[in-house]
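**Student:** Sending over a structure as structure tokens; questions will come in a sec.
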Amino acid sequence: MPLVRKRRAQPEPEASEDEASSSSEVGEQTQHDSRRQRRRTDDVQPDDSGDSESSGNEVEAPTMVDVMVKKMVRLALASEYSRQPIRRTDISAKVLGEQGSRRFKAVFDEAQTVLRKRFGMEMVELPGKEKVTISQRRAAQRVEKQSSATKSWILTSTLPPAYRTPTIIPPTKAPSSWTESTYTALYTFIISVISLNGGSLPEQKLDRYLRRTNAEAYTPIDRTERLLQRLCKDGYLVRNREMDGGEEVIEYMVGPRGKIEVGENGVAGLVREVYGRPDPAMLNGNTASAEDKEEMEEFESRLRRSLGLGKQKPENNSGDQAAETQARGQGARRTRRRTGDEEPEEDEEDSDV
């Protein structure tokens, strides 16, 4: 019987080193990808602690009131830049629309808050024009009570006086800083002259004041006549024309914007600057002598009388009013000599200051 030899099982070929290394790298890469995929999944899923609430607030759309507030703030800034009043009709048409007329108070109050906190301004209502002529008074009697639709506002600064300096608030550069500063100085001077002359000034007398200040040569407008027209258009002045015995009488008064933007405080500040007098609110009483205090009180009393802010002081104990008036006149002459000002003409000395 023949012998049957068993064949030895051939050993399987061992994997090469390159294949082994490649397979290990593939395994590590697979594990790394799986870990990275798990991290991404964990980041996408919000936590139950409150991340879902924060993410919901970020994507929340603004309400209708928020949109109206932003529109009103933009309207106020744009109107003030062009010196146009913020009218109630413009707010209804451009901000509120047809469906938001009942939300005026809420939108207005929120816009005031934004203007005060972010821009240092607020909207102030303009006063109505004074009815001085006979025709204006008759027309006012025929018209019923003024409706709220005719109201208008302008922007005023809410910054403290210490921050209202040209260094912090310079003139605008449109069309140029020189033009804007000259225009501001001219209407402040004209409003001051009118206020110190009892609230109204004839056209001939105003022209005389402007000629003495060389307004024809240095006005930012080409002619003085056009300057006055623009001041009336911007609301700084009001031009009244009336016939008196067949003769035309033209007078200028302070307009609504002039009363709010300049006002009595602005006029008093200009007078103090011209006469070299400090503001009593900014002066420390301990640094002034008794004579300086007396002169300052006399100057302030004359300024208040010129602006119509207070009554004259009562008579002294002796009752000698003539002596008091003479002493006041001597004190005024001493003040003019110290400041180097000339004696004003008799026909133009209508005010105490």
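**Student:** Between Tyr218 and Val65, what is the label-to-label distance in nm when each label sits 7 Å out along the Cα-to-Cβ direction?
**Tutor:** My value for the distance between the label points is 5.2 nm.
**Student:** Ordered by packing density, taken as the mean number of other Cβ atoms within 10 Å over each peptide's residues, highest first, how do 193-201, 212-220 rank?
**Tutor:** Ranking the peptides 193-201, 212-220 by packing returns 193-201, 212-220.
**Student:** If each residue of separation counts as 0.36 nm, what is the full-extension length gain between Thr156 and Asp109 once their alpha-carbon separation is subtracted?
**Tutor:** 15.4 nm
**Student:** Sequence-distant or interchain residues sharing an amide H contact under 5 Å with Met121, placed H: which?
**Tutor:** Result for Met121 returns Arg116, Thr158.
**Student:** What whole-number distance in Å separates the alpha-carbon centres of the stretch 191-224 and the stretch 75-133?
**Tutor:** Each part reduced to its Cα centre gives a spacing of 31 Å.
No value in this document is a laboratory result; all are computed from the given coordinates. Keep in mind the model is a prediction, meaning the values are calculated, not measured. Glycine also receives a Cβ, built like all others from the backbone with ideal geometry; neighbour counts cover every protein chain displayed.
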